[in-house]
Amino acid sequence: MRYIATILLIIAACLTVKAESPLIQQADSAYNADNFKEAADTYLHVIATEGNSATLQYNLGNCYYRLGEFGKAILAYERALRLDPTSEDARTNLGFVNARIADRPGERGTFIGNALDAMAAGAKSNTWAWLGFTCFVLTLLGCIAYAFSGNIAIRKVGFFGALLTILGCFGFLFLSFRSAATSTADNIAIITSPSTILSTSPRVPKDRTQEAMLLHEGTRVEILDSVRSTTDSIHSLWYDVQVDNSHRAWINAAAVEKI
């Protein structure tokens with residue numbers, strides 16, 4: 001017991017040290033003093049040296065919002081939600097900033113797909129997986145009750161209960177896989193440049209006929225393809241992006257950051 005108590009104390013001490021990181025305290029102090037640029041730089045340094053977290057991304061998003069950099073704020077909130085889909089603060093602030101950006105893209109995806117994504121975003125992938133496992137265990141118990149009970153009522157409960165829980169098992173596993181796919185997808189990006197002109201081809205538009213549309217920071221795009229282009233000995237990477245169901249064009253990779 002003494003050794004167990006010692007181990008628990010060591011773990012608690014490590015957690016305390018991590019929670020009281022001097023750099024995090026420095027960033028928090030800078031934010032409280034309205035030094036938002038210093039706070040953002042410090043949070044970025046913490047993420048690079050001590051590891052990422054939903055809380056750090058959320059705080060970083062708040063800094064960028066205070067600096068008026070809505071694109072980077074949205075990017076940080078989106079990353080926070082990937083790390084912790086249950087963060088209501090990040091979700092609320094993301095909606096708040098999205099309502100203040102210049103662009104209003106049209107409908108994206110399908111109704112069913114968007115509904116499933118919204119449902120999967122309600123919890124972490126591991127949470128859905130554990131719910132699926134719980135339903136699987138209940139299914140086994142229902143089958144056992146149906147197979148071995150001599151009571152008709154218990155057999156009925158076991159049979160129909162097993163049918164419901166096996167459906168729940170498959171449903172929760174589906175949400176688990178969908179949540180995991182969303183949190184690890186590398187094809188969604190946020191425009192971080194104040195504004196950028198999208199092109200009809202993977203190069204800088206030479207005239208207005210080659211300009212597809214003008215978009216501003218904070219707009220979310222889906223990357224479909226990429227290609228490297230060389231113009232006047234200048235090499236650049238271009239993304240073929242879907243803005244909404246009706247608009248698709250090429251954008252310079254320097255104007256966006258992947259979530």
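The values are calculated or read from the model by the stated rules, or taken from the named source; none is laboratory data. Owing to the predicted nature of the structure, the values given are computational and were not obtained by experimental measurement. Don't worry about glycine lacking a Cβ; one is built from the backbone with ideal geometry, like all the others, and counts go over all protein chains shown. Ligands, DNA and RNA are excluded from the accessible area calculation, which covers all protein heavy atoms including side chains. Shrake-Rupley method; radii C 1.70, N 1.55, O 1.52, S 1.80 Å.
The table below gives the values:
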| item | result |
| --- | --- |
| Overall form of segment 128-179 per C-alpha gyration tensor (a/c, 1.5; a/b vs b/c) | prolate |
| Gaussian network model of the chain, Cα within-10 Å springs - most flexible of 132, 95, 150 | 150 |
| Greater than 28 Å apart at Cα, pairs in 37/258; 37/124; 72/124 | 37/124 |
| Mean separation of Cα contacts under 8 Å (6+ apart) over length of the chain, as relative contact order % | 16 |
| Note, ³J(HN,Hα) from phi for segment 40-49, Karplus 6.51, -1.76, 1.60, rounded to Hz, x at Gly and Pro | 4, 4, 5, 4, 4, 5, 4, 4, 6, 9 |
| Accessible area per residue, Å², the chain with all protein chains present, probe 1.4 Å | 60 |
| Percent accessible area from carbon and sulfur atoms, segment 95-225, protein chains only, probe 1.4 Å | 68 |
| Rounded to whole Hz, the Karplus (6.51, -1.76, 1.60) HN-Hα couplings of segment 122-136, x for glycine and proline | x, 7, 6, 4, 5, 5, 4, 5, 5, 5, x, 5, 4, 5, 5 |
| Residues of type lysines that residue 206 reaches as a straight line, Cα spacing below 24 Å, ignoring anything fewer than 8 places off in the same chain | none |
| Pairwise centroid distance, computed over Cα atoms, of segment 195-259 with segment 160-188, Å | 34 |
| Gain on full stretching of the segment that runs from residue 41 to residue 206 - 0.36 nm per residue minus C-alpha separation | 55.7 nm |
| Rounded, prolate or oblate (a/c below 1.5 giving rounded, otherwise prolate when a/b exceeds b/c) for segment 43-120 by Cα gyration tensor | oblate |
| 11 Å beta-carbon shell around residue 189, net charge (K/R +1, D/E -1) | -2 |
